[in-house]
Amino acid sequence: MDFNIDELIEKAFAARINAYAFYSKFKVGCAILLKNGKYILGCNIENSSYSLSMCAERVALFKLISEGYTKADIKAIGVIADCKNPISPCGACRQVFLEFLDLDTPIILSNLKREKKVTNLSELYPYPFDLNEVK
Ligand code: THU
């Protein structure tokens, strides 16, 4: 890998500190490393109307898009949470990743023990729904 995986995960851990997980108590942090070296951070943000809650991955990705970056700017994504095994992103986040990530962009999943699973979207989301491919 031509980036620092440990630094990526520590940035995700720092993002996790701001998680607003009042209901689930399950805090998640996400860091997206850009090719220019900048990190965009996200944490999960819950709501008393539960379904309005937003995952850390989508917060980070939406921040990135709203700041004018595109998939061409993304080098890698790191996610961390307090799990037995490295966190597994939810299905909704996988679908949103599909919109804004290349299939081979490194996705580094971790837990508080700093165990790591290095994966990508083609592995996490096989046979996806993609409106650009349906016809
Ligand atoms: N959550 C994330 O932020 N990312 C994941 O990959 C899995 C789930 C959040 C959503 C909710 O706030 C809490 O974790 C429990 O589901």
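The values are calculated or read from the model by the stated rules, or taken from the named source; none is laboratory data. This is a predicted model, so every value here is computed, not measured. Here the Cβ positions follow ideal geometry from the backbone for every residue, glycine too, while neighbour counts run over all protein chains shown.
Do you know which residues across the stretch 108-127 are on the phi < 0 side of the Ramachandran plot, surrounded by fewer than 15 Cβ atoms within 10 Å (Cβ to Cβ) and not aliphatic (A, V, I, L, M)?
Of everything in the stretch 108-127, those that are on the phi < 0 side of the Ramachandran plot, surrounded by fewer than 15 Cβ atoms within 10 Å (Cβ to Cβ) and not aliphatic (A, V, I, L, M) turn out to be K113, E115, S122, E123, P126.
Does the stretch 56-68 contain any residue that is more than 15 Å from the chain's Cα centre (by Cα) and of a type in the set (D, E)?
yes
If a residue has to be out of contact with any strand residue (DSSP E or B) (no Cβ under 8 Å at 6 or more places or on another chain) and touching a residue at least 60 places away in the same chain (Cβ under 8 Å) to count, how many in the stretch 112-130 make the cut? Walk me through how you get there before you give the answer.
Looking only at the stretch 112-130, we keep the residues that are out of contact with any strand residue (DSSP E or B) (no Cβ under 8 Å at 6 or more places or on another chain), and these are 113-115, 122-123, 125-130.
After this cut, where a residue has to be touching a residue at least 60 places away in the same chain (Cβ under 8 Å) as well, the list is 114.
Summing the residues that are out of contact with any strand residue (DSSP E or B) (no Cβ under 8 Å at 6 or more places or on another chain) and touching a residue at least 60 places away in the same chain (Cβ under 8 Å) in the stretch 112-130 gives 1.
A quick yes/no check of all residues on (1) in contact with a helix residue (DSSP H, G or I) (Cβ under 7 Å, 6 or more places away or on another chain); (2) touching a residue at least 40 places away in the same chain (Cβ under 8 Å):
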residue	(1), (2)
K38	no, no
C43	yes, no
Y50	no, no
V59	no, no
K84	no, no
S110	yes, yes
N132	no, no
K135	no, no
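Would you be able to say whether some residue in the stretch 32-50 is at pLDDT 95 or above, among the β-branched types (V, I, T), surrounded by 19 or more Cβ atoms within 10 Å (Cβ to Cβ) and not in a strand (DSSP E or B)? Show your work before the answer.
Step one: list which residues in the stretch 32-50 are at pLDDT 95 or above, which gives 32-50.
Now narrow it down to the ones that are among the β-branched types (V, I, T): 32, 40, 45.
Now narrow it down to the ones that are surrounded by 19 or more Cβ atoms within 10 Å (Cβ to Cβ): 32, 40.
The next check asks that each one be not in a strand (DSSP E or B); those that pass are none.
No, every residue in the stretch 32-50 fails to be at pLDDT 95 or above, among the β-branched types (V, I, T), surrounded by 19 or more Cβ atoms within 10 Å (Cβ to Cβ) and not in a strand (DSSP E or B).
Going by what's in this entry, would S88 be described as among the hydroxyl-bearing types (S, T, Y), surrounded by 12 or more Cβ atoms within 10 Å (Cβ to Cβ) and touching a residue at least 40 places away in the same chain (Cβ under 8 Å)? Spell out how you get there, then give the answer.
Details: among the hydroxyl-bearing types (S, T, Y): yes; surrounded by 12 or more Cβ atoms within 10 Å (Cβ to Cβ): yes; touching a residue at least 40 places away in the same chain (Cβ under 8 Å): no.
Against the criterion (among the hydroxyl-bearing types (S, T, Y), surrounded by 12 or more Cβ atoms within 10 Å (Cβ to Cβ) and touching a residue at least 40 places away in the same chain (Cβ under 8 Å)), S88 does not qualify.
Quick check: anything in the stretch 95-103 aliphatic (A, V, I, L, M) and outside any helix (DSSP H, G or I)?
Just the residues of the stretch 95-103 that are aliphatic (A, V, I, L, M), to begin with: 96, 98, 101, 103.
Keeping just the survivors that are outside any helix (DSSP H, G or I) gives 101, 103.
Yes; the residues of the stretch 95-103 include at least one that is aliphatic (A, V, I, L, M) and outside any helix (DSSP H, G or I).
Do the conditions hold for F13, that is, is it within 13 Å of the ligand (Cβ to nearest atom) and out of contact with any helix residue (DSSP H, G or I) (no Cβ under 6 Å at 6 or more places or on another chain)? Walk me through how you get there before you give the answer.
On the way: within 13 Å of the ligand (Cβ to nearest atom): no; out of contact with any helix residue (DSSP H, G or I) (no Cβ under 6 Å at 6 or more places or on another chain): yes.
The answer is no for F13.
State which residue is farthest from the ligand (Cβ to nearest atom) when the search covers only the stretch 45-92 and only residues that are among the acidic types (D, E) and within 26 Å of D2 (Cα to Cα). It would help to see each step written out before you state the result.
Within the stretch 45-92, the first condition is being among the acidic types (D, E), and the residues that meet it are 46, 57, 67, 73, 82.
Retained after the next criterion (residues that are within 26 Å of D2 (Cα to Cα)): 57, 67, 73.
Values: E57: 6, E67: 20, D73: 22 Å.
Restricting to residues being among the acidic types (D, E) and within 26 Å of D2 (Cα to Cα), the top hit is D73.
Collect the residues in the stretch 1-24 that are among the aromatic types (F, W, Y) and over 14 Å from the mean Cα position of the chain (by Cα), keeping them in residue-number order.
Scanning the stretch 1-24 gives F3, Y20, F22, Y23.
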